Amino acid sequence: MLSKKEILDVLKSKDIPKDLLEEAFKVRKFYSGYYVYLRALTEITNICRKSCFYCGIRKENASLKRYYLKFDLINKLFTNIKKLGYSSIALQGGEIFSEKHYFFLYKLIKLAKDKFNYEITISFGELPKDVLEKLYFLGAKRYLLRFEIISPKRYYLFHYKDKFHNYENRIKTLVLLKKIGYQVGTGNLIGLPFTFIKDLYKDILFIKNFKPDMVGIGPYIPQKNTPLFNYLTKGINIFSEKERFLLTLKLIAIFRILLKTSNIVASTALITLGTKFYPLEKVLNLAFKCGANVIMPIFTPSENKRLYSLYEDKYFSEHEKFYFAVKNSDFIPVLDRYGNPLSYYIRNQKSCKL
Ligand code: 5AD
């Protein structure tokens, strides 16, 4: 177990400490071997009610063309994804509060479950309780919702304080998701300007205590059409690109050691930053050795994919490229198993169907 001092030392060190990497890799091999679970990700819509100061699809970004994928197109995507051998998908989109949107999501989950029997991860923000319950009931069993940054004071540096951006509601939703029965994935945004190592430490403590089934963390990457971008050009940036990349890897290793069995994703943002310094295989190998065991190739059609522009130069992680990159990084890509985390079975005392 890592002490506070050990964690702070790791965060402050220039590189990834060798003993941290060794310990994380040992834990990883014990619980997940060399397996990496692939989830086929589709970004349903870039329409969003929120206006987070770091995010490119924020409502106030008027220059962005908005899209909402059609049911028939998604059906075709699901068919292709199945043909490739996937058993697990992820659906993501901006936060929308309308009955029409909810009904569309119900229809999609029914399709994904009843026709394709996918294990389904969803990520559509802080939806109302009855909607989250219904989606779970229809077959979505995993939910991703990052808390972004756990200090409420810092949270409001990057979000308005209004009914659409409410720190308490975000945390309440995370607790609710767990209560409903979802495998909950959460995490933070690493290396935002105006934040410090001590903020990262607080984020780590929250995740340690919350014990999520999935950890989804990633480095902050500036996006031109956001208010936060202007601050960077004024030179207030605190963490460099390389630092944000290394911090994310260190956090992955810390969570692998602290949480042991949870799934940890090698996020697109991590890959986007990492490939500025190293080849894809090297980035993946590092992330997997630190303890990541999930990646999400993007299946959103290319013309829409460009519009899901959370940050600059987003890496377009295609299936084939990823599948072979995982192999070439000396790990084993897995499509045909759900890849549920052990923590989920332990909590529910279910028989194992990994
Ligand atoms: N850099 C990195 N990640 C971002 N996200 C949003 N904007 C950015 C950015 N500029 C992440 C947030 C959100 C997820 C969908 O995308 O953490 O939860």
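If the viscosity is 1.306 mPa s and the temperature 10 °C, what Stokes-Einstein diffusion coefficient in µm²/s follows for the stretch 1-60 when Rh is the Kirkwood radius over Cα pairs? This corresponds to a translational diffusion coefficient of 101 µm²/s. The lysines whose alpha-carbon is closer than 17 Å to the alpha-carbon of Lys18, local same-chain residues fewer than 8 away aside, are Lys5, Lys26, Lys29, Lys250, Lys282, Lys289. The distance between label points at Arg337 and Lys5 comes to 4.0 nm (points 7 Å beyond Cα on the Cα→Cβ vector).
The tail of the calculated P(r) for the stretch 189-258, taken as Cα-Cα distances beyond 15 Å, holds 55 percent of the pairs.
Taking one quarter of the surface of the convex hull spanned by the alpha-carbon atoms of the chain gives a direction-averaged projected area of 16.2 nm². Using alpha carbons only, how many angstrom separate the centre of the stretch 35-112 from the centre of the stretch 240-278? Spelled out, the Cα-based centre of one part sits 24 Å from the other. Computed over the chain, the per-residue total of -39500 (n - 2.57) for DSSP H runs of n ≥ 4 gives a 222 nm mean residue ellipticity of -13000 deg cm²/dmol, rounded to 500.
When both bridge partners sit in the stretch 4-344, DSSP labels roughly 5% of those beta bridges antiparallel. Could you pull out every one of the lysines with an alpha carbon less than 17 Å from that of Lys82, ignoring same-chain neighbours closer than 8 positions? Cross-link targets: Lys110, Lys113, Lys115. Converting the Cα gyration tensor eigenvalues of the stretch 54-210 into ellipsoid dimensions via √(5λ) gives semi-axes, longest first, of 29, 18, 15 Å. The stretch between Lys224 and Lys14 holds 72.8 nm of extra length on full extension. This uses 0.36 nm per residue minus the Cα-Cα distance. A Förster radius of 35 Å, combined with the Cβ-Cβ distance separating Ile180 from Tyr34, puts the computed FRET efficiency at roughly 0.60.
Per-residue extension of 0.36 nm, minus the Cα-Cα distance of Lys115 and Asp330, leaves a gain of 74.0 nm for this segment. For Ser317, the residues whose amide H sits under 5 Å from its own are Ile298, ignoring neighbours fewer than 5 places away on the same chain, with H placed 1.01 Å from N. The equivalent ellipsoid of the stretch 233-354 has semi-axes of 27, 19, 15 Å, largest first, where each one is the square root of 5 times an eigenvalue of the Cα gyration tensor. The amide H of Ile122, built 1.01 Å from its N in the peptide plane, has Leu91, Arg142, Tyr143, Leu144 as neighbours under 5 Å, considering only residues 5 or more places off or on other chains.
Partners of Lys59 within straight-line reach, counting lysines whose Cα lies under 20 Å from its Cα and excluding those fewer than 8 residues away in the same chain: Lys50, Lys100, Lys161, Lys163, Lys224, Lys305, Lys314.
Just so you know, all these numbers are worked out from the coordinates, no wet-lab data involved. Everything quoted here is computed from the prediction, not taken from an experiment. Note: ideal-geometry Cβ built from the backbone for every residue, glycine included; neighbour counts use all protein chains shown.
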